[in-house]
Amino acid sequence: MRIYKSAQGVGITVIGVTLLMLFYTYGRALWVPAYKKVVGKETVFSVIEKYGENAEKRLKLYFDDADIPYPPKELKLLAIKDEKKLELWASSGNGFEKIKNYQIRAASGTSGPKLVEGDKQVPEGIYKITGLNPNSSYHLSMKLNYPNEFDLYHANNEGRSSPGTNIFIHGKEVSIGCLAVGDRAIEELFTLVHKVGIKNTEVIISPSDPRKAPLSPPTGNEQPWVPELYKSITTAFLKYREI
């Protein structure tokens, strides 16, 4: 009987610890805001003060290797969904050079654009960063302007009143509809975009790499505008090739 009760207690403890770990990982949107209220909110400047120096030391090494002065004048982030890769390209006025590949550590959904709130799709298209969030539930984050004009135009034409919103590139290794790149990577990207300016940063998200093979709408896709979208993504991607 004692052995049974002991085993039962261990089982309950394991279940409890497992549930706590799951809540810690996947329930960040619930507990992190409450935690921030207790410890106080960060600002962009306090985050840069905390992480910027080390992030810039690493960034300068990447830029030296690419023979691009730091800081650059413009940035392009090319996200390739099926490869879970985020390419960083930069220019100081004499053309763009590839600086680094970042691993996308989590991104839900499949090939194809985001259509409605809750479909768990990562958007596809050409986007701007609208703001830096120092109090993200996922360490740090950069918000994209999804839905952009193209997304809204076709959503309105098709009667999709809730195409979704709040799409970010963020830290940690879990995500639904966003691009999670891990804490170290988001510290570098957050610092770099702050330095260069959100107006000088563009994000292009593609289902696959159109430099390797033509993009084609996913099977079963009923949106007639997807070929137009993929043509614009392809045109944008083809500007960035390694020599």
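The values are calculated or read from the model by the stated rules, or taken from the named source; none is laboratory data. Values in this document were obtained by computation on a predicted structure and should not be read as measured data. All Cβ positions, even for glycine, are placed from backbone atoms using ideal geometry, and neighbour counts span all protein chains on display.
Of all positions in segment 214-231, none carries a residue that is at pLDDT 95 or above, assigned by TED's automatic domain parsing to the domain that holds residue 87 and among the small types (Gly, Ala, Ser).
The criterion of being in the same structural domain as residue 89 (by TED's automatic domain parsing), on the phi > 0 side of the Ramachandran plot and not hydroxyl-bearing (Ser, Thr, Tyr) does not hold for residue 200.
Only one of the numbered conditions (1) surrounded by 15 or more Cβ atoms within 10 Å (Cβ to Cβ); (2) aliphatic (A, V, I, L, M); (3) under 29 Å from residue 219 (Cβ atoms) is not met by residue 186, and that is (3).
Residue 69 passes every criterion in (1) outside any strand (DSSP E or B); (2) in contact with a helix residue (DSSP H, G or I) (Cβ under 6 Å, 6 or more places away or on another chain) apart from (2). Give the residues of segment 197-224 that are closer than 20 Å to residue 96 by Cβ, within 18 Å of the chain's Cα centre (by Cα) and not basic (Lys, Arg), sorted by residue number. Answer for segment 197-224, where residues must be closer than 20 Å to residue 96 by Cβ, within 18 Å of the chain's Cα centre (by Cα) and not basic (Lys, Arg): 197, 198, 200, 201, 202, 203, 204, 205, 206, 209. All conditions but one from (1) in contact with a strand residue (DSSP E or B) (Cβ under 8 Å, 6 or more places away or on another chain); (2) closer than 29 Å to residue 71 by Cα apply to residue 229; the one that does not is (2).
Of all residues in segment 151-169, those being in contact (Cβ under 8 Å) with a residue 24 or more places away in the chain and under 29 Å from residue 87 (Cα atoms) number 9.
Applying the condition of being assigned to a loop (DSSP other than H, G, I, E, B) and more than 10 Å from the chain's Cα centre (by Cα) to segment 168-196 and asking which residue is nearest to residue 108 (Cα to Cα) yields 176.
Listed residues 114, 100, 84; which is surrounded by 15 or more Cβ atoms within 10 Å (Cβ to Cβ), without any contact (Cβ under 8 Å) to a residue 60 or more places away in the chain and closer than 27 Å to residue 219 by Cβ? The unique qualifying residue is 84.
Output the residues belonging to segment 121-154 that are within 20 Å of residue 78 (Cα to Cα) and either of a type in the set (Lys, Arg) or assigned to a loop (DSSP other than H, G, I, E, B) (or both). If the condition is that a residue be within 20 Å of residue 78 (Cα to Cα) and either of a type in the set (Lys, Arg) or assigned to a loop (DSSP other than H, G, I, E, B) (or both), then 121, 122, 123, 124, 128, 140, 143, 145, 146, 147, 148 are the ones that fit. Close Cβ contacts (under 9 Å, 6 or more residues apart or on different chains) running from residues in segment 211-233 that are more than 12 Å from residue 150 (Cβ to Cβ) and touching a residue at least 24 places away in the same chain (Cβ under 8 Å) to residues that are β-branched (Val, Ile, Thr) and surrounded by 14 or more Cβ atoms within 10 Å (Cβ to Cβ) comprise 211/234; 217/226; 218/226.
Listed here are the residues, each with its yes/no results for (1) among the aliphatic types (A, V, I, L, M); (2) at pLDDT below 95; (3) touching a strand residue (DSSP E or B) at 6+ places or on another chain (Cβ under 6 Å); (4) more than 30 Å from residue 50 (Cβ to Cβ).
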| residue | (1), (2), (3), (4) |
| --- | --- |
| 93 | no, yes, no, yes |
| 106 | yes, yes, yes, no |
| 127 | no, no, yes, no |
| 131 | no, no, yes, no |
| 147 | no, no, no, yes |
| 153 | no, no, no, yes |
